[in-house]
């Protein structure tokens, strides 16, 4: 997928994983903590390396011909800055999706919590409508996306992100039970109503 589609995918992922983790975040009263770190694991482990590979070896296609034309980035300092920008963009898009869910779901507005889906859909539709050939034909090679390794990497990112959503839903997003610490209970005489 090209950079706009890559960022739109991460916005959708952030929204979905934010909805999965929202009950836990609400119960624990924290957003910045373990839930956010768990949400960003596949972005750091899979998306950022794939963005670096796509930036280095098929950057003309990944950036729609911006910056580098048809081929790959050949200047290492310039290439490193593009890698960091693509990885940072994926993280920012994910966090934007999560925060959109937290902001609107905590105000009991579930329709607005899903608004990032519409934004991502609009980005994807505009990208495909404005340059459909640039999305499906890898620049500099003339090969269709499904006949190029960039297509396999794009599918791998989608599969890993949404497999991680399933893992988080099954194992990490459960609301923890309140723990009773021995000796820390409130005496019954104090717990009663004040008269």
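Among the residues in region 147-158, are any over 29 Å from residue 97 (Cα atoms) and at pLDDT 75 or above?
Yes, there is a match, as at least one residue in region 147-158 is over 29 Å from residue 97 (Cα atoms) and at pLDDT 75 or above.
Residues in region 111-128: is at least one modelled with pLDDT of 90 or more, under 13 Å from the mean Cα position of the chain (by Cα) and within 22 Å of residue 150 (Cβ to Cβ)?
Yes: one or more hits.
Scan 44, 8 and give me the residue that is within 13 Å of the chain's Cα centre (by Cα), surrounded by fewer than 19 Cβ atoms within 10 Å (Cβ to Cβ) and on the phi < 0 side of the Ramachandran plot.
From the options 44, 8, the qualifying one is 44.
Just checking, how many residues over region 111-120 are surrounded by 12 or more Cβ atoms within 10 Å (Cβ to Cβ) and without any contact (Cβ under 8 Å) to a residue 40 or more places away in the chain?
Count: 2.
I'm trying to understand the selection: among the residues of region 112-151, which are part of a loop (DSSP other than H, G, I, E, B) and closer than 13 Å to residue 5 by Cα?
Scanning region 112-151 gives a single hit, 131.
Which residues, taken from region 55-95, are at pLDDT 90 or above and in contact with a helix residue (DSSP H, G or I) (Cβ under 6 Å, 6 or more places away or on another chain)?
86, 87, 89, 90, 91, 93, 94 - these are the residues of region 55-95 that are at pLDDT 90 or above and in contact with a helix residue (DSSP H, G or I) (Cβ under 6 Å, 6 or more places away or on another chain).
The values are calculated or read from the model by the stated rules, or taken from the named source; none is laboratory data. As the structure is a prediction and not an experimental result, all values here were calculated from the model. Because the Cβ atoms are built from the backbone with ideal geometry, glycine has one as well, and the counts that use them run over all protein chains shown.
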